[in-house]
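Enquirer: Handing you a structure now.
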Amino acid sequence: MALNLRQKQTECITRMLNLNQPVNATGTANEEVYKILIYDKFCQNILSPLISVKDLRKHGVTLYFLIDKDRKPVHDVPAVYFVQANQSNIQRIIADASRSLYDTFHLNFSSAVPRLLLEDIASGTLSSDSIQRIAKVHDQYLEFVTLEDNLFSLAQKSSFVQLNDPSAGDREIEEIVERIVTGLFCVLATLAVVPIIRCPRGGPAEMVASALDQRLRDHLLSKNNLFTEGGSFTSSFQRPVLCIFDRNFELSVALQHDFRYRALVHDVLGLRLNRLSLQGEKGGMKSFELDSSDPFWVANGLLEFPEVAVEIETQLNKYKKDVDEVNRRTGGTDGAEFDGTDLMGSTKHLMNAVNSLPELTERKQVIDKHTNIATVLLGEIKERSLDSYAKKENEMLVRGTIDRNELLGVLRGKGTKLDKLRFAIMYLISSESINQSEVESVEAALRESEVDTSAFQYVKKLKSLNVSMASANSASRNNIVDWAEKFYAVTAGVKNLLSSDRQLALPRTVEALMEGKPNPETDNYVVFDPRTPKSGSGSSHLKGPFKEAIVFMIGGGNYVEYGSLQELVQHQQPVKHVIYGTTEILTGVEFIEQLTLLGHKMGFGSSTAAPTP
């Protein structure tokens, strides 16, 4: 059975909400206990895409609060705490226990709680004579946010800036790597699998892979480890492969304008935690849920926007036809809105109509929702010429060049300041060779639009350093500034960023790693297997083939990349399965902000200026 991260994490949370008791087939505990749920902001974000208020009620949760809010005592009721293991949360728990806010405290931490913090809980509750109120303490290993069955985020902000900061010391880099490893360990513990790990040599990807390999090795030595139930994945063919990459592996995907529905909704309208807020007709805000419970979103997320518009119209016409059919059979009026008030006719037809009412109503709600979203998107597309940006960026990546007049025409045309900046950097990345006078014209056009060019200068500097590093021989290479060694080759394989069928580099590489055949692109990738002695890590049987993969992008990912991997597996025979995760899900604008910050740290532009749309 394919790995389903959303299902696994939901099962863990359900068990936690039922005081860590086994749950029955209906997903509830055998004995219903009314309780209070306390969480911090991070764990609220974990719960939000998975558990609705209705689900909380089903599991006996009558009240729920953020941990840092002032709360009144509720006697004779147990409290379930779901928080990160940090000093401020521990102190708040001790304070709550000393005030006897609740009858018993069931403490659940999103990752393993360090021994020092456990000792703080013990000493704090002992000194306030409230230790008897602490019923249980659990490490839940849930420190990640699952957005779809095959999509997760560690919700770790600005990791791209932190890992690429020229002033970052070894200690800071190690702390960031440690946080990423903790998040990935939680994902693997939830899935109960120990994967084969593959990554490119050097940089953050290998640092994370090596540290994760060591963490898994250490954990597997313990008698009651979290992976004993995952024993069914015995052979290398059945175990998944975990492919770890660094955002610098393919910088363009984080910046490009994409014209597919799911990516557009995220990048343009700001989809967050599967929720979308849009301005309503009468001035108020409308909120929409976009997740696996929405059949239209699931079926059409990978389609380009014009195809989605056609599909909305098709669904609407089909709905009207079905309503007319019901009305015809029951003696109603053709074309009438189906509200159940115009039902007459035979008992049989009447019963059929009544039974079809909930399904028709639900379909109409989904159609209305996506009509609203598509209308707002269309307005943005027209105002900013987003279709033109997407088309020209794809052409640049495939051809490796663009006509100068066309380039400057885009930069002086429609679009926000950041649309133009993203396009300019895409030009820089995709160009096989840099024409200095052309670059100066691009910078002048950006300045005309009052754009902060720090991000552009930063990528330009990286590209020139790569040229220097590529041409320098190994003896003189040490003379190039140290920090440049941290970065990937911005232009490495630019010609191959898109193959003739517009396939991105990431899915192409993942496909090669899953096939396990000799391939010049992946032959030098590092292999780690936490279940074998380190000396055997180069064994050929560890290189596949694999049915399942977990692909993780350090430094931020997006729905473009996620969609490209889902498209890859849709066309695979035999069927394969890919889970995609990243340190954080970023829009193009959010990634530009991180590049701009790095540009300021490098001394480009004003350190006080921030990019504005």
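The values are calculated or read from the model by the stated rules, or taken from the named source; none is laboratory data. Predicted model only: the values in this text are computed from it and were never measured. Cβ: placed from backbone, ideal geometry, glycine included. Neighbour counts: every protein chain shown. Protein only, heavy atoms only, side chains kept; ligands, DNA and RNA dropped before computing areas. Shrake-Rupley method; radii C 1.70, N 1.55, O 1.52, S 1.80 Å.
Enquirer: Where the second residue is modelled with pLDDT of 70 or more and in a loop (DSSP other than H, G, I, E, B) and the first is among the basic types (Lys, Arg) and lies in the range 528-549, which pairs have Cβ atoms under 6 Å and are six or more apart or on separate chains?
Expert: Taking only residues 6 or more apart or on different chains, the pairs are ARG531/VAL194; LYS543/GLY516; LYS547/LYS576.
Enquirer: Which residues, taken from the range 108-142, are buried (at least 18 other Cβ atoms within 10 Å of the Cβ), over 27 Å from the mean Cα position of the chain (by Cα) and among the hydroxyl-bearing types (Ser, Thr, Tyr)?
Expert: Matches in the range 108-142: THR125, SER130.
Enquirer: Output yes when any residue across the range 450-459 is at pLDDT below 90, under 23 Å from SER159 (Cα atoms) and surrounded by 16 or more Cβ atoms within 10 Å (Cβ to Cβ), and no when none is. Spell out the reasoning first.
Expert: Just the residues of the range 450-459 that are at pLDDT below 90, to begin with: none.
The answer is no, given that none of the residues of the range 450-459 is at pLDDT below 90, under 23 Å from SER159 (Cα atoms) and surrounded by 16 or more Cβ atoms within 10 Å (Cβ to Cβ).
Enquirer: Between HIS349, HIS370, which is within 30 Å of PRO295 (Cα to Cα), at pLDDT 95 or above and surrounded by 13 or more Cβ atoms within 10 Å (Cβ to Cβ)?
Expert: Answer to the check: HIS370.
Enquirer: For the range 106-155, list the strands (runs of 3 or more DSSP E) that sit wholly inside it and hold at least 3 residues that are closer than 15 Å to VAL83 by Cα; which are they?
Expert: Qualifying strands (runs of 3 or more DSSP E): 134-139.
Enquirer: Can you tell me which residue is surrounded by the most Cβ atoms within 10 Å (Cβ to Cβ) among those in the range 1-54 that are free of Cβ contacts under 8 Å to residues at least 40 places away in the same chain and in a helix (DSSP H, G or I)?
Expert: By that ranking, first place goes to LEU47.
Enquirer: Across the range 284-297, what is the total count of residues that are within 19 Å of SER153 (Cβ to Cβ) and either surrounded by fewer than 19 Cβ atoms within 10 Å (Cβ to Cβ) or over 17 Å from the mean Cα position of the chain (by Cα) (or both)? Let's see the steps before the verdict.
Expert: Narrowing the range 284-297 to residues within 19 Å of SER153 (Cβ to Cβ): 289-292, 297.
After this cut, where a residue has to be either surrounded by fewer than 19 Cβ atoms within 10 Å (Cβ to Cβ) or over 17 Å from the mean Cα position of the chain (by Cα) (or both) as well, the list is 289, 291-292.
Here the count works out to 3.
Enquirer: Inside the range 493-606, counting only strands (runs of 3 or more DSSP E) that do not spill past its ends, which hold 1 or more residues that are in contact with a Gly (Cβ under 9 Å, 6 or more places away or on another chain) and modelled with pLDDT of 95 or more?
Expert: By residue number, 548-554, 577-582.
Enquirer: Within 22 Å of ARG272 (Cβ to Cβ), in a helix (DSSP H, G or I) and not aliphatic (A, V, I, L, M): does that describe PHE82?
Expert: Against the criterion (within 22 Å of ARG272 (Cβ to Cβ), in a helix (DSSP H, G or I) and not aliphatic (A, V, I, L, M)), PHE82 does not qualify.
Enquirer: Of all residues in the range 91-107, count the ones that are surrounded by fewer than 19 Cβ atoms within 10 Å (Cβ to Cβ) and hydrophobic (A, V, I, L, M, F, W, C).
Expert: Total meeting the criteria: 1.
Enquirer: Looking at VAL569 and the list (1) open to solvent by less than 50 Å² (accessible area, probe 1.4 Å); (2) more than 24 Å from MET207 (Cβ to Cβ); (3) touching a residue at least 24 places away in the same chain (Cβ under 8 Å), which single condition is not satisfied?
Expert: Checking VAL569 against (1) open to solvent by less than 50 Å² (accessible area, probe 1.4 Å); (2) more than 24 Å from MET207 (Cβ to Cβ); (3) touching a residue at least 24 places away in the same chain (Cβ under 8 Å), the one that fails is (3).
Enquirer: In the range 156-178, what residues are part of a helix (DSSP H, G or I) and hydroxyl-bearing (Ser, Thr, Tyr)?
Expert: SER159
Enquirer: Across the range 192-209, what is the number of residues that are surrounded by fewer than 24 Cβ atoms within 10 Å (Cβ to Cβ) and either modelled with pLDDT under 95 or farther than 27 Å from ILE46 by Cα (or both)?
Expert: The qualifying residues number 7.
Enquirer: How do the pairs read when you match residues in the range 595-606 that are closer than 14 Å to LEU462 by Cα and open to solvent by 50 Å² or more (accessible area, probe 1.4 Å) with residues anywhere that are part of a loop (DSSP other than H, G, I, E, B) and not charged (D, E, K, R), using Cβ under 7 Å and keeping only pairs 6 or more apart or on different chains?
Expert: These pairs meet every condition: LYS601/PRO166; LYS601/SER167.
Enquirer: Suppose we filter LEU316, LEU251, LEU302, LEU278 for residues that are more than 30 Å from ILE176 (Cβ to Cβ), in a helix (DSSP H, G or I) and in contact (Cβ under 8 Å) with a residue 24 or more places away in the chain; which single one remains? Don't jump to the end; show me each part of the working.
Expert: Details: LEU251 fails: more than 30 Å from ILE176 (Cβ to Cβ); LEU302 fails: in a helix (DSSP H, G or I); LEU278 fails: in a helix (DSSP H, G or I).
Exactly one residue qualifies, and that residue is LEU316.
Enquirer: Go over the candidates HIS219, HIS266 one by one and state the one that is closer than 19 Å to LEU586 by Cβ and open to solvent by less than 50 Å² (accessible area, probe 1.4 Å).
Expert: Working: HIS219 fails: closer than 19 Å to LEU586 by Cβ.
Selected residue: HIS266, the only one of HIS219, HIS266 that is closer than 19 Å to LEU586 by Cβ and open to solvent by less than 50 Å² (accessible area, probe 1.4 Å).
Enquirer: Looking at the structure I just gave you, is VAL181 assigned to a helix (DSSP H, G or I), open to solvent by less than 50 Å² (accessible area, probe 1.4 Å), of a type outside the set (Ser, Thr, Tyr) and in contact with a Leu (Cβ under 8 Å, 6 or more places away or on another chain)? Walk me through how you get there before you give the answer.
Expert: Values: assigned to a helix (DSSP H, G or I): yes; open to solvent by less than 50 Å² (accessible area, probe 1.4 Å): yes; of a type outside the set (Ser, Thr, Tyr): yes; in contact with a Leu (Cβ under 8 Å, 6 or more places away or on another chain): yes.
It is true that VAL181 is assigned to a helix (DSSP H, G or I), open to solvent by less than 50 Å² (accessible area, probe 1.4 Å), of a type outside the set (Ser, Thr, Tyr) and in contact with a Leu (Cβ under 8 Å, 6 or more places away or on another chain).
Enquirer: Have a look at THR375, THR453, THR371, THR416 and point out the one that is out of contact with any helix residue (DSSP H, G or I) (no Cβ under 7 Å at 6 or more places or on another chain) and of a type in the set (Ser, Thr, Tyr). Talk me through it step by step, then tell me what you get.
Expert: Details: THR453 fails: out of contact with any helix residue (DSSP H, G or I) (no Cβ under 7 Å at 6 or more places or on another chain); THR371 fails: out of contact with any helix residue (DSSP H, G or I) (no Cβ under 7 Å at 6 or more places or on another chain); THR416 fails: out of contact with any helix residue (DSSP H, G or I) (no Cβ under 7 Å at 6 or more places or on another chain).
Just a single option satisfies the conditions, and that option is THR375.
Enquirer: Continuing with the same structure: Do the conditions hold for LYS391, that is, is it in contact with a Pro (Cβ under 9 Å, 6 or more places away or on another chain), charged (D, E, K, R), surrounded by fewer than 21 Cβ atoms within 10 Å (Cβ to Cβ) and at negative phi?
Expert: On the way: in contact with a Pro (Cβ under 9 Å, 6 or more places away or on another chain): no; charged (D, E, K, R): yes; surrounded by fewer than 21 Cβ atoms within 10 Å (Cβ to Cβ): yes; at negative phi: yes.
No.
Enquirer: Something else about it: Only one residue in GLU337, GLU325, GLU281, GLU304 is among the acidic types (Asp, Glu), open to solvent by 50 Å² or more (accessible area, probe 1.4 Å) and at pLDDT 90 or above, so which one is that? It would help to see each step written out before you state the result.
Expert: Details: GLU337 fails: at pLDDT 90 or above; GLU325 fails: at pLDDT 90 or above; GLU281 fails: at pLDDT 90 or above.
Sole residue among the options that is among the acidic types (Asp, Glu), open to solvent by 50 Å² or more (accessible area, probe 1.4 Å) and at pLDDT 90 or above: GLU304.
Enquirer: How many residues are over 27 Å from THR190 (Cβ atoms) and either within 32 Å of the chain's Cα centre (by Cα) or of a type in the set (S, T, N, Q) (or both) when one looks only at the range 98-107?
Expert: Within the range 98-107, residues that are over 27 Å from THR190 (Cβ atoms) and either within 32 Å of the chain's Cα centre (by Cα) or of a type in the set (S, T, N, Q) (or both) number 2.
Enquirer: Still on this structure, I have one more. Taking the options ARG412, ARG447, name whichever one is surrounded by fewer than 14 Cβ atoms within 10 Å (Cβ to Cβ), more than 30 Å from LEU278 (Cα to Cα), in contact with a Ser or Thr (Cβ under 9 Å, 6 or more places away or on another chain) and at pLDDT 90 or above.
Expert: ARG447
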